[in-house]
């Protein structure tokens with residue numbers, strides 16, 4: 001991954017994905033103030049709506065993609081993946097879902113994050129892109145698998161051709177979870193998957209979202225996986241973090257376009 005700085009905006013891109021426009025954006029270069037400073041692209045966390053729209057436009061302009069055709073979802077911590085052919089009429093989101101894919105040029109996909117795991121998928125053979133949003137619920141119910149299966153069923157993508165980037169998200173060291181999450185992890189991945197560590201002093205559990213999502217893709221036959229390895233909790237100067245900022249924060253954007 002390489003970090004790009006342009007017009008005050010800073011974002012990360014995969015050095016091998018030079019044929020698609022994409023970016024995992026930091027929080028820098030926007031117009032939002034206070035908790036949401038400055039490139040907040042979340043519209044439901046109290047920020048000024050006009051500022052959020054300007055921030056979206058700045059992302060699209062930096063990547064030179066068509067913001068008028070941007071497609072997104074209303075994320076609900078599920079694992080449904082939808083197909084984007086055109087933007088929705090009369091609203092900003094296509095459906096309630098946490099995955100979105102397309103093979104349409106000039107149809108940017110965009111999602112918003114603040115500790116949950118960004119999943120970026122690309123099949124250079126079939127020219128298909130996709131985004132997923134995986135918090136613990138999406139991770140233990142197969143958000144990654146949903147993306148791969150929908151790409152295969154819709155566009156005949158083969159797992160060996162699919163490339164994945166697991167973006168900036170909260171690290172295991174900072175992601176304490178309850179026993180209901182541990183149970184869900186063991187149910188989906190198996191209790192020998194080594195995704196949970198416990199504090200030896202009090203037994204509290206910590207989940208590795210990065211490794212869990214990588215394993216989910218690998219079990220679908222995907223081998224080309226890049227883990228960004230940046231913790232949002234530890235890097236609130238660069239990224240919004242719901243836990244790191246006690247819920248008083250914005251959302252950083254991820255954009256992909258053919």
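Every residue in region 237-246 that is over 25 Å from residue 60 (Cα atoms) and under 18 Å from the mean Cα position of the chain (by Cα), please.
243, 244
Tell me, which strands (runs of 3 or more DSSP E) wholly within region 52-119 include 2 or more residues that are surrounded by 24 or more Cβ atoms within 10 Å (Cβ to Cβ) and either in contact (Cβ under 8 Å) with a residue 12 or more places away in the chain or at negative phi (or both)?
99-102, 109-113
Does residue 45 fit the bill of being surrounded by fewer than 18 Cβ atoms within 10 Å (Cβ to Cβ) and either touching a helix residue (DSSP H, G or I) at 6+ places or on another chain (Cβ under 6 Å) or closer than 21 Å to residue 30 by Cβ (or both)?
The answer is no for residue 45.
Among the numbered conditions (1) surrounded by 13 or more Cβ atoms within 10 Å (Cβ to Cβ); (2) out of contact with any strand residue (DSSP E or B) (no Cβ under 6 Å at 6 or more places or on another chain); (3) more than 30 Å from residue 17 (Cα to Cα); (4) in contact (Cβ under 8 Å) with a residue 24 or more places away in the chain, tell me where residue 215 comes up short.
(3)
When you go through 53, 69, 92 one by one, which is the residue that is over 30 Å from residue 188 (Cα atoms), out of contact with any strand residue (DSSP E or B) (no Cβ under 7 Å at 6 or more places or on another chain) and at pLDDT below 95?
On inspection, the qualifying residue turns out to be 92.
How many of the residues making up region 7-36 are without any contact (Cβ under 8 Å) to a residue 24 or more places away in the chain and either in contact with a helix residue (DSSP H, G or I) (Cβ under 7 Å, 6 or more places away or on another chain) or surrounded by 13 or more Cβ atoms within 10 Å (Cβ to Cβ) (or both)? Step through it out loud before you land on a result.
Start the filter on region 7-36 by keeping residues that are without any contact (Cβ under 8 Å) to a residue 24 or more places away in the chain, which leaves 8, 13, 15, 18, 33-34.
In the following step, the residues that additionally are either in contact with a helix residue (DSSP H, G or I) (Cβ under 7 Å, 6 or more places away or on another chain) or surrounded by 13 or more Cβ atoms within 10 Å (Cβ to Cβ) (or both) were identified as 13.
Residues in region 7-36 being without any contact (Cβ under 8 Å) to a residue 24 or more places away in the chain and either in contact with a helix residue (DSSP H, G or I) (Cβ under 7 Å, 6 or more places away or on another chain) or surrounded by 13 or more Cβ atoms within 10 Å (Cβ to Cβ) (or both): 1 in total.
Going by the conditions given, is residue 162 within 15 Å of the chain's Cα centre (by Cα), crowded, with 24+ Cβ neighbours inside 10 Å and either over 20 Å from residue 229 (Cα atoms) or in contact (Cβ under 8 Å) with a residue 60 or more places away in the chain (or both)?
no
Conditions: (1) touching a helix residue (DSSP H, G or I) at 6+ places or on another chain (Cβ under 6 Å); (2) surrounded by 16 or more Cβ atoms within 10 Å (Cβ to Cβ). Residue 221 meets all but one. Number of the miss?
Failed condition: (2).
The values are calculated or read from the model by the stated rules, or taken from the named source; none is laboratory data. This one's a predicted model, so the numbers in the text were calculated from it and none came from an experiment. Counting neighbours? That spans all protein chains shown, and the Cβs are built from the backbone with ideal geometry, glycine included.
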